[in-house]
Every structure is written in C-alpha cells, then in structure tokens.
Amino acid sequence: MKPPPFAYHAPRSVEEALTLLAALDGAKVLAGGQSLVPLLNMRLAEPAALIDIGRIPGLDVLEVADGHVRIGAGVTHERLRRDDAVAAVQPLLRRALDLVAHPVIRNRGTTVGSVVHADPAAEMPAVVALLGGTLEVASVRGRRSIEAADLVRGPLESDVAPDELALELRVPVAAPGTGSAFVELSRRHGDYALAGVATEVAVDGGRIVGARATFIGVGTGTAVLDLSPAVAGRDAADLDVVDVAAAVAGFVEPQDDVHADAAYRRHLAGVLAGRAVRAAAADALARAGAGVR
Amino acid sequence: MTTRMLGAPVLRTEDPRLLRGEGRYLDDLGQGAYEVAIVRSPHAHARVLDIDVTGALDVDGVVAVYTYEDLPPRLRERLPVLIPHPALTAARTQHVLAAGEVNHVGEAVAMVVARDRYLAEDAANRIHVAYEPLPAVVGHERAASGQLLVHDDIPGNLAATLTQEIGDAPGRIAAAPNRLTFRLDIDRSASTPMETRGVHARWDADDQRLRVHSSTQTPTSVRAVVASYLELPLAQVECVAPDIGGGFGVKIVHPWPEELLVPWAARLLGHEVKFTEDRREHFISANHERGQVQFIDVGFDDDGRILGLDVRLLHDHGAYIPYGLIVPIITSTQLLGPYRITDYRVRFDSLYTNTVPVSPYRGAGRPQGCFAMERTMDRIARHLGLDRTLVRERNLIRPDEMPYDFGLTFQDGRPYAYDSGDFPASLAKLRELADWDGFPARRAAAEAAGRLLGIGMAAYVEGTGVGPYEGGHVQVETTGKVKVATGLSTQGQGHRTAFAQVVADALGVPFEDVEVVTGDTRRFAYAVGTFASRAAVMSGNAIHLAALKVREKALRIASEALEVDVEDLELVDGHVRVVGSPATSIPLGVLATMSNPLRYAFDASARIATQFASPGTTDRPPVAAGESPGLEGTDFYSPLRSTFANGMHAVEVEVDPETSDVRILRYSVVHDCGTLINPMIVEGQIMGGVAQGVGGALYEEMAYDEHGQLLNASFMDFLMPYASEVPAVAVDHLETPSPLNPLGIKGAGEAGVIPGSAALASAIEDAVGVGIDAMPLSPSRLHALRVAADHR
C-alpha cells in the first residue's frame, strides 16, 4: 500500500497550475487527498504527476453573496460545516456534512474535491445535484461554468476535463418556504451509507407544494426524483404517514454488495425518503415560523 | 505498612509513554533496513507455472528477488504443524514461498528486497507469475462435499474428524419428552490488530549473532524456530518483541513465512532487513477465525433441563492447518459453558478450503461454542414458554459440585474440569445489574411509542492459564530498584503494571521501584507465550514465586547481619526491619550488595554494606555451596491443569421496525476471574472484548465470493466497529479464587468477546420475534429474515 512513483508539483498560482495541467499528461489535481491518496496507495490510480493546489492563494473563499454560497476549491468540509452564516442560508450543507466521514477526514477533505470526484456514494454531489448551482472551472483554454445538472456524468466521472481545475462551487441559498433534510443509514458512524436521501420540500400556506430528492448508494447517480405527485397538497404538519415508497422504489436501481442486498436498499431508500420528507417539511415550517423568508 | 497492591486499580505505567507517542513498534525499528515486499497469489487455487522476475531486477534500488528455487534446502521444507494431534491425520502446511501451487489468495509467491518499501512494491508489480487457475473450494458445504479438492492427496478435504462423548446422548435424546434439532452458522472474522505483522532482523558479523525483532506473541518460540530453519545454534539467535499494537491471537502463529525469510535474507545480505505487513496483506495473508456450521440435537425435560446434547460441527480451517485442532477442540469442550450436561456427544470435521488459514483469534472457538449452547437454551425456553434465565438457572452447575469434572479432554490434553465458580450467584448478579425483571415494563413503554426493544443474555466458562509453564526472574539491584523479567510478550495487556503489583506485594517494595521487562529472550529465555488468557495466571504466579525466593534470601541475609531470627523480621517500604523495632532496618539495595561478596565500595550502598560484613567467617567459602551471588531469584509456575473463569452478559437492544437497524441500549457484564490483580485492567480487557464481540455479532465477516476472492479486504468494507458502535458496559465482579495457583487468579483476556454473538442474537430475536440462527446480522439480513417470516 505504497503509491507508485509520481512527479509532484506545488504551483503558487492558478495560472501556474493551469499551465502544468495543460503540459503534463496524466496529471491529477491533489486537494485534500482523502479520496486520491487511498487510490494511490492501493495502486488503483497511477497518475504521472500530482498538482497540489494547497499552496495557491485565493482558493479559500467561503462567503454568502448574490444569493449563493461561494465555496472555494481549498475549503475543507469541516470549515464549510462549521460556518454559521452558510448554515443560516443553506442548512442542507451542514446537515449533509454532519454525515460525511469523520472529523479527521473532514479537516482535510474539500467539498469541491468531493463534488469533482463524483463518488455516487458521497453526500455532497447529491446535495449539489438537488440544490443546483454551478461549478466554476478553468484551463489554459479559458473559464467556464458547469451547471449542477451537467456536473456528474457517471460514477467517479465528472464533466471537469483533465486539463481543467475546479475553482469554486456556487450553491444557491434556500428559497423562502423551503425546508431540507439529509437522512441516511450507514453501518458505522461516518461510513458510506447503505442508502441516503437529500430532500428539499417547498411549503406554502402550511401545505406542501413541491418535494424533490436525490439519493446516494442506490444507483441513481445525481438524478433528481420529483416527489411532488406523492405529497403535494398534504398538510406539512401532519405527515405521520407519508407514502413515497412506491415512487422511490420505481426510481432507484440498487445493486447487491457485501453490505446489503438490492431488495433491502430499495426498501430502505423508500423508508428514508419518507423520513426525509417529514423532516424537510418540519424544517420548512420551522424556518417560516422563525421568520426566515 | 506498605499498601497492598494486589487488587488495587493502579494506573497503567505503560500508558504515559505510549500516549506520548514514545512506543517503539516494529516499523519504528531499523530505519536503515532494506525493506521487503511479497508477491502474493491473486488466485485462490492455482498451479504456478513460471515466475519471471527480470522486470523487477531492472528497478533501481532493488537488492534481491527470491523465489522458492532460490531457497536453501531447509527453507524449502513446509512450515511445521505446531500442535500435532492423533486425530489430525491429514495435516498440510504451506511453504515459505509457493512451491508450484497456491491455495489461497494472498499466499506468498516471491520476495523482493529493496532499499525501501516503495521500490519493493514497484518491483513486485513487475514480477510476472504465470498461473494455471484451478477450481476454488469455498464454504463448508463445498468443502464437505469433497467433489473438488484443495489438496489433491487429501480426500474429502478432511484434515481431521474427532468425536468426544460422555454418557449416552443419542439414547437420552431419543427418550426425552422434548427434542429440538436445528442448524447454526457463524461467519469468519479475524484478529485485525491495529499493528499488522512485522519482522526485522540484523546479523551482527562481529558477534556472529542474529537479532530478530518480531511483532509476535511468542518471542522464545520464534527464536527457536528461526534457529532451527536457519540451522544456527540457539545461542547465536536472540528474539525480542518490541511494543506490540495488539495481537488477539493472530501473532501466536509462528513462524510466518516472513519470520524465516527476513532473518535468512538479513544474514545472506549482511544488512538489516525489515518486513512490515500492510493492511491489505493482513486481510489476505494473516490468519482468520470463527467460521463454523453447527448442527444441534437436544433432548430436554418439561422443566427445561437438558437430558442429552448431540452436536456436529463443520469447521473451516482454510488452506492449511499450522495450528492444529485447537479451535474446534475448544469449541467442542467449552460449548458446555456453566451447565451440568452429563450426556453429550460432539463431533467435528476440520475441513480444507481455498481461503486464508484459521487459527485462534481472541475467544478461540469459544464464541462459536457459546453461540451453540446459548441459542439452544433460548430455543428450549421458547419451546416451553419459560423465562430464559430460569431455563439456564435450572441447568447450572452448583458451587458445591466444584471441582466439576465433565470427563472430557481439554485443549491441553488434560481433564476438562472446572476448578471454581458460583454460577447461580453470577446469574443473580446479572439479573440485578441488567434489571432483567424490569424489562417487560421498559418494553411495554417503548412499544407504546412505536419502538421495538429486546433483551438477551449469554453465559460462558473459559478455560484459562493453560500450561505448560512460564517463568520469572526477579532481581534487587544495589540501588534497591527491582528488575523483573518474564519471557512472554505483551500486546497491550498492562503486564508491566500488573506484574509490578505482584512483586511489590511479595517483596514489600514501592510499586514505583519495580520495573518489568517482557518478551526479550536476552532477559528470559524460557517461555510459552501470551495467548489463551494465560499471562496473568502463568507469569503472574511464576513472578510471585520468584519474588518469594528473593524475599526469603533477603530475610536470610538480614537475619545473619542483624543477628535476629527471620521470624522477627519484616519487609516494608523496601527495607528489612525488625518487627516492633523499625529503626533497626537494612535497605534491600544494601542487602543486594551484601549478597555479592565482591563489592568494591564504589557506591553508597556498598559502603553501608561493609558495616555488615560477616565477622571472621573463615570456615566457609564466600559463596557457600548451593548459594549464588546476587539478590535475585528465578522460578517457574507449571499448573496441573487449566483454571476456569466464567461470566455472563446481558444486552438490551432497540431494533428500528422499518430499517431493521440494531442499536445497543444497555450492556451488562458479570465476570469472575478469581482474585483480581488490577480491576481497572480487567475491566479494560472486558470492554475491549465486548467491542470485538459486538463486531463479530453485528459487523464483521469475511466476504469471500465463490472464487475465493475476499471482497472486503479493507477497513472500509470490513466493518470493525468504531467507538461510536460500541456500547458503554456496566461491569460487576464476582471473585471465586482458583484453588489451583498461589495467587488464586484466573485469566481475563478473552472473556469479554465470548458471549457477544450469543447475547445479541438472543436480544434481537426477543425484539423482532424471528429466530436468529446465523451471525453476523446486518440490517439487510435481519430485514430479509423479517420479510420471510411475514410471508410464511
């Protein structure tokens, strides 16, 4: 479990990093390293070069501006999780990050890195897919924005090109009348979930007017399920029985693995989606009651 | 008076150093050593047709590459069968490097020695091995069917079959008013210590000596086996176990291939060589355990008393059987637990499969036996509609029946006889500690809130302190400090603290003045090892006896010097003093100086000692016949047979009715290991054991596919529980001293793990009302059981 040989570069500017990315074949960007380094140690990835962006100034932006949370490529999960201003305007980020691994991993791992890594079992790509937003990327060819819906192409495959560097993620703040929840079941605290669901529910006049969900661990990638047909019109304060299981069961495509079989994961996704809708509706009511508009 | 140390919850003297990061583990040694990488088989079963190492030789920094063909004749022999048994008629062990055939994924095929491990792995990746894959035998049923063979010349994949029998179990069962037959399954798990295996060797050309450091539970035996296979005189080999980050059984196996290859290469190359196993290697090349299929047939009366018990075990021991039949023999005997069962038959088949070999992991066959017995008790209770504790109570051996000899033979070849214990008292304590009688009310309250609760329990008896012996050496230095050595190693048990407590009491010296060294053949050459919950019993008593010899000698020297009868002397605070006249005393350090007739007065102790030089004893030599210089003593403890600890666990769980996720609400342990040396250390042992028990019950398995590939060979997928999954544990002690040893102690090391699966199965079954016959139990499996039950 030692990595194969690689060249190591630690550029001091974005321009320098982009030049290296353009010039070097088989280079990978290293940020927090919480996914890449294990892949290297298990020799599942053998990049010719690593470009460590940890010394580039300006990638650590974290602020709420223009209706968005701006998250720089250098911002760790834990820094984002602890930011009260962010949690106030987009609580789902903290709720999801509470479930991301353990403090030692969150202290190094970056949220942008996780989104670009596009692990279908990871929380943050599902959150971004649900909330929308954009990822700003750059290369020597120029800059562009990738819409959240286009960001993940498949398991472990994002739209970010090999010569591109992700600079910043922009996630919209929660709209008035919405509430959110992230519910998952993992075998051990901090493990990848057997199944998990991110939900946003819109409430108007005490009634649900919209509900959407993304899932992790059940083969749906970052596709968004519209649960509105199942719950629209329901009293948001009276959701003891929520039947979303049928809608979820028809949407997810889980597989057997060593931790759970597909039938269980399908069942679990339905149960968790119901809980998430209830929690998100309660959140919407609470935020409305607290005057968050 | 000096405070009595035995029984005091003294803080561990080991911890400040280890917590500050000052421990020296195997990989901390030999910073300039060459490092080793092993090429391991990717196939569960294959013939090795060709090994092409040329690519590896081109890697800069590679020192040497070895395959089987490069080994000297002695190293081409198969590894030893450590513990032969008459029933083990088809024993097979591996070669240090594969000789034409591999039998499990992870088997060693070639060794690279390089300047560092990175380069060694680079080179290992460039060695091309041509394999001819053969069908893999995986799982008990496929092994037992014998249609495909692991080893061509071992029919039925059967290494051994052994029956033990007392009374007439089949007859009693047939005549019993009630009878149940059922099957149980327990998956594999493994020791998985935080520190993996490792070995470092240095050949000292000046001294012509080989020094081997190994992360082992038995340095004396590693020394002997290295000397044997390297054909060196024992006197030229020394072995030291440095700080060890856990063993849990896997490090008692020896020699590992690397334990021979590394010293051999170090001597050949004239340079330090080191092997540090990585985690992936550990999963596929260090031994596993557990893995059994059990068929139970039990007859019982209408009160729930067992009349006859017939058990058949299929034991999967993997590709090789270096450690013999210890695990299934322990299951066969210890299955009986605290119960009076007079008519019993147990038969096991020990089967080869194309998987990692099996050898003891903490508990060593007992968790499986406990699972069989305790699931049986629960089934009887359910069948008769009786409380589960009542059925157990009616079957318990009573204290007035001790010692209780079953008439079976234990793992050490000696009678399976319990020496002490008060099982009814333990059960009463457990019911109180767990508030067993208050559970129905708790369950009803939870049910009203839509929550699902269950309670379960399990009891066990653990044979501990197996022989044949351990020894101890105790020496008072002229400074008055006491140096203690014992040969067995320490993997985190707190031996340095516990043994110092024993010596402090025996010698009347301050605890802080006693320093203990373990696992260094240069300090103590005869030992067995740290396993089978034996260190405290064996070395504890040996050190106690050695300290008593020192005590006796100190009193004798003081008696002559002070011209006072020994009976009028006492040892207090590091001094021998006259009873009733504490001003008349001699420090132990001075007595140490006096014990050596050669004493140049180069320190204060020697100058004081001269005051007591024996006056004019010209009629005898300075060192009398039968005497020896120095205030020191060596002694050994060798028991007639094992001493049996016992305990009972109760656990309360909540099962999520929708997700089938299990949460442990309450975990209670009543434990009896005889006289406690240090209750804090014992409780730590229990809690660590409980953690591993929870792991085996709910999380850990070895997920082999049909091709013999281990699908979860990492800590990401092999779910060792975190602190967040392990419950707080309430512990109550019962102390029924063992009559078999001077200190009255029984082992405590493995106890905590034994009843985990049995107790949790009992509790989960109680919560969901669906029979639990297999462990571990994931939410997915529990969900499937509940769905199947609903459809029935």
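The values are calculated or read from the model by the stated rules, or taken from the named source; none is laboratory data. The structure presented is a predicted model; accordingly, all values stated were derived computationally and were not measured. Because the Cβ atoms are built from the backbone with ideal geometry, glycine has one as well, and the counts that use them run over all protein chains shown. Side chains included, ligands, DNA and RNA excluded: accessible areas come from the protein's heavy atoms. Shrake-Rupley method; radii C 1.70, N 1.55, O 1.52, S 1.80 Å.
Annotations
- When the strands (runs of 3 or more DSSP E) confined to the range A:171-249 are screened for residues that are open to solvent by less than 50 Å² (accessible area, probe 1.4 Å) and of a type in the set (Ser, Thr, Tyr), those reaching at least 3 such residues are found at A:178-186.
- Residue within the range A:269-284 that is touching a residue at least 60 places away in the same chain (Cβ under 8 Å), within 14 Å of chain B (Cβ to nearest Cβ), in a loop (DSSP other than H, G, I, E, B) and more than 18 Å from the chain's Cα centre (by Cα) present: no
- The condition of being in a strand (DSSP E or B), modelled with pLDDT of 95 or more and open to solvent by 10 Å² or more (accessible area, probe 1.4 Å) holds for only one of B:Arg280, B:Arg345, that being B:Arg345.
- For the range B:101-174, the strands (runs of 3 or more DSSP E) that sit wholly inside it and include 1 or more residues that are under 22 Å from B:Tyr704 (Cβ atoms) and of a type in the set (Ser, Thr, Tyr) are B:128-133.
- B:Val550 modelled with pLDDT of 95 or more, in contact with a Leu (Cβ under 8 Å, 6 or more places away or on another chain) and open to solvent by 10 Å² or more (accessible area, probe 1.4 Å): no
- Filter result for the condition that a residue is open to solvent by 10 Å² or more (accessible area, probe 1.4 Å), within 30 Å of A:Pro3 (Cα to Cα), aliphatic (A, V, I, L, M) and outside any loop (DSSP other than H, G, I, E, B), over B:Leu260, B:Leu268: B:Leu268
- The numbered conditions (1) open to solvent by 40 Å² or more (accessible area, probe 1.4 Å); (2) within 14 Å of chain A (Cβ to nearest Cβ); (3) more than 21 Å from the chain's Cα centre (by Cα); (4) not aromatic (Phe, Trp, Tyr) are all true for B:Pro737 except (2).
- Residue match in the range A:77-84 (condition: of a type in the set (Asp, Glu), open to solvent by 70 Å² or more (accessible area, probe 1.4 Å), assigned by TED's automatic domain parsing to the domain that holds A:Leu130 and within 30 Å of A:Ala288 (Cβ to Cβ)): yes
- Residue satisfying condition, being in contact (Cβ under 8 Å) with a residue 12 or more places away in the chain, at positive phi and out of contact with any strand residue (DSSP E or B) (no Cβ under 7 Å at 6 or more places or on another chain), within set A:Gly221, A:Gly217, A:Gly190: A:Gly190
- Residue in the range A:251-264 that is touching a residue at least 24 places away in the same chain (Cβ under 8 Å), more than 14 Å from chain B (Cβ to nearest Cβ) and crowded, with 16+ Cβ neighbours inside 10 Å present: yes
- Looking across the range A:1-21 at every residue that is away from chain B (no Cβ under 14 Å) and assigned to a loop (DSSP other than H, G, I, E, B), the one that is most open to solvent (accessible area, probe 1.4 Å) is identified as A:Arg12.
- Screening B:Arg392, B:Arg379 for residues that are in contact with a Leu (Cβ under 7 Å, 6 or more places away or on another chain), part of a helix (DSSP H, G or I), among the basic types (Lys, Arg) and surrounded by 24 or more Cβ atoms within 10 Å (Cβ to Cβ) leaves exactly one candidate, B:Arg392.
- Check on A:Asp150, open to solvent by 10 Å² or more (accessible area, probe 1.4 Å), charged (D, E, K, R) and closer than 18 Å to A:Asp191 by Cβ: no
- Some residue of the range B:20-40 being more than 24 Å from B:Arg202 (Cα to Cα) and open to solvent by 70 Å² or more (accessible area, probe 1.4 Å): yes
- Residue check for B:Ile321: touching a residue at least 60 places away in the same chain (Cβ under 8 Å), open to solvent by 10 Å² or more (accessible area, probe 1.4 Å) and touching a strand residue (DSSP E or B) at 6+ places or on another chain (Cβ under 7 Å): no
- Looking only at the range B:175-187, and only at residues there that are assigned to a strand (DSSP E or B) and not charged (D, E, K, R), the one that is nearest to B:Met702 (Cα to Cα): B:Ile186
- Yes/no for B:Leu184 being open to solvent by less than 10 Å² (accessible area, probe 1.4 Å), more than 26 Å from B:His282 (Cα to Cα), in contact (Cβ under 8 Å) with a residue 40 or more places away in the chain and not assigned by TED's automatic domain parsing to the domain that holds B:Pro257: yes
- Any chance B:Asp316 is among the acidic types (Asp, Glu), crowded, with 24+ Cβ neighbours inside 10 Å and touching a residue at least 40 places away in the same chain (Cβ under 8 Å): yes
- Residue check, B:Ala723 open to solvent by 30 Å² or more (accessible area, probe 1.4 Å), within 10 Å of another protein chain (Cβ to nearest Cβ), within 24 Å of the chain's Cα centre (by Cα) and small (Gly, Ala, Ser): yes
- Among the residues making up the range B:108-122, those that are aliphatic (A, V, I, L, M) and either touching a Gly at 6+ places or on another chain (Cβ under 6 Å) or within 11 Å of chain A (Cβ to nearest Cβ) (or both) are B:Ala114, B:Leu119, B:Ala120.
- Condition met for B:Ala506 (modelled with pLDDT under 95, open to solvent by less than 20 Å² (accessible area, probe 1.4 Å) and either part of a loop (DSSP other than H, G, I, E, B) or in contact with a His (Cβ under 7 Å, 6 or more places away or on another chain) (or both)): no
- On inspection, B:Pro776 fails the criterion of being away from every other protein chain (no Cβ under 13 Å) and touching a residue at least 40 places away in the same chain (Cβ under 8 Å).
- So B:Gly385, is it small (Gly, Ala, Ser) and open to solvent by 10 Å² or more (accessible area, probe 1.4 Å): yes
Here is a yes/no grid of residues against (1) of a type in the set (Val, Ile, Thr); (2) in contact with a Lys or Arg (Cβ under 9 Å, 6 or more places away or on another chain):
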position	(1), (2)
B:Glu470	no, yes
B:Lys481	no, no
B:Ser489	no, yes
B:His495	no, no
B:Val503	yes, no
B:His544	no, no
B:Lys553	no, no
